[in-house]
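Rule-based calculations on the coordinates, nothing more; no lab input. All figures in this text were calculated on a predicted structure; none of them were measured in a lab. All Cβ positions, glycine included, derive from the backbone under ideal geometry; neighbour counts span all protein chains shown.
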């Protein structure tokens, strides 16, 4: 283990692959992947192995839609007990929040609700219920309006090392969206999504196995501090992609 932990802003826990809202250009590629739920023991082992290597301001639980996970309360409790992050935050589209149990609200420190144009009216209707539940649990609650997405993944990868390195160097995501999924720690979320979409296979440049129990400290620190572009940068526009208005991919794509 390193003498001093590597400090990062956050680690994203990708606990669900799919979603109950089909957004065009979803940054998590949720409309294009099969349903997936993260196993509790795997995420517990992964966080235990990372505890002595890195620390972060917060663990962010997301998906897909994280509230679809049947064991979301236990999962959030595991995240909090890991002591890897200072607090546990869950990012959700909010559709399932009105039905969330008090145990859920007690298991997290903060809930961030992404409010899209297509869901704003529905969320406004149930907002008082959600605000009351959060207040009773002492949980921070934020409604974050999102009216546009950014183009992220290209139709084909670039063969230019220079272009891939430029994308990497200009990208703000590489410093704050380190992602844990299925026992691997990824430098950034697009690497996770490219694998889940079948466009790319696992790469040591992009991710490190952290669930096996072997000492992963050197590999983790090397990956997170490298100044060389990821394999995913060949497919990705990073934070340089152009913006486009939010839209749903199909009629009736908000599912209960």
If you take every DSSP beta bridge whose two residues both sit in the stretch 6-245, what share of them, in percent to the nearest 5, is antiparallel? 30
Does the stretch 1-123 come out rounded, prolate or oblate by the C-alpha gyration tensor, with a ≥ b ≥ c the root eigenvalues, rounded set by a/c under 1.5 and, if not, prolate when a/b is larger than b/c and oblate if not? prolate
From fewest to most C-beta neighbours within 10 Å, the residues 4, 110, 195, 131 line up as 4, 131, 110, 195
Please find, in a Gaussian network model of the chain (springs between Cα atoms separated by less than 10 Å), the residue of 41, 125, 77 whose mean-square fluctuation is greatest. 125
Out of 105, 122, 235, any idea which swings most in a Gaussian network model of the chain, alpha carbons joined below 10 Å? 122
Taking the beta-carbon count within 10 Å as an exposure proxy, list 114, 207 from fewest neighbours to most. 114, 207
Report for the stretch 62-194 the percent antiparallel among DSSP-assigned beta bridges with both residues inside it, nearest 5. 25
Listed residues 80, 121, 91; largest mean-square fluctuation, Gaussian network over the chain with Cα springs below 10 Å, found at 121
Note to self, the chain gives a 222 nm [θ] from helices alone (DSSP H runs n ≥ 4, -39500 (n - 2.57) apiece, / all residues, nearest 500) of -8500 deg cm²/dmol
Tell me whether the stretch 72-158 comes out rounded, prolate or oblate; compute the Cα gyration tensor, take square roots of the eigenvalues as a ≥ b ≥ c, and use a/c under 1.5 as the rounded threshold. oblate
If you take the square roots of the eigenvalues of the alpha-carbon gyration tensor of the stretch 106-256 and sort them as a ≥ b ≥ c, do you get rounded (a/c under 1.5), prolate (a/b over b/c) or oblate? oblate
Relative contact order of the stretch 6-245, pairs being alpha-carbon contacts under 8 Å that are 6 or more residues apart, as %: 23
Give the label of the value calculated from the structure for Rg/Rh (Cα atoms, Kirkwood Rh), choosing from (1) 0.94; (2) 1.02; (3) 0.96. (3)
Only counting other Cβ atoms within 10 Å, I'd like 151, 246 sorted with the fewest neighbours first. 151, 246
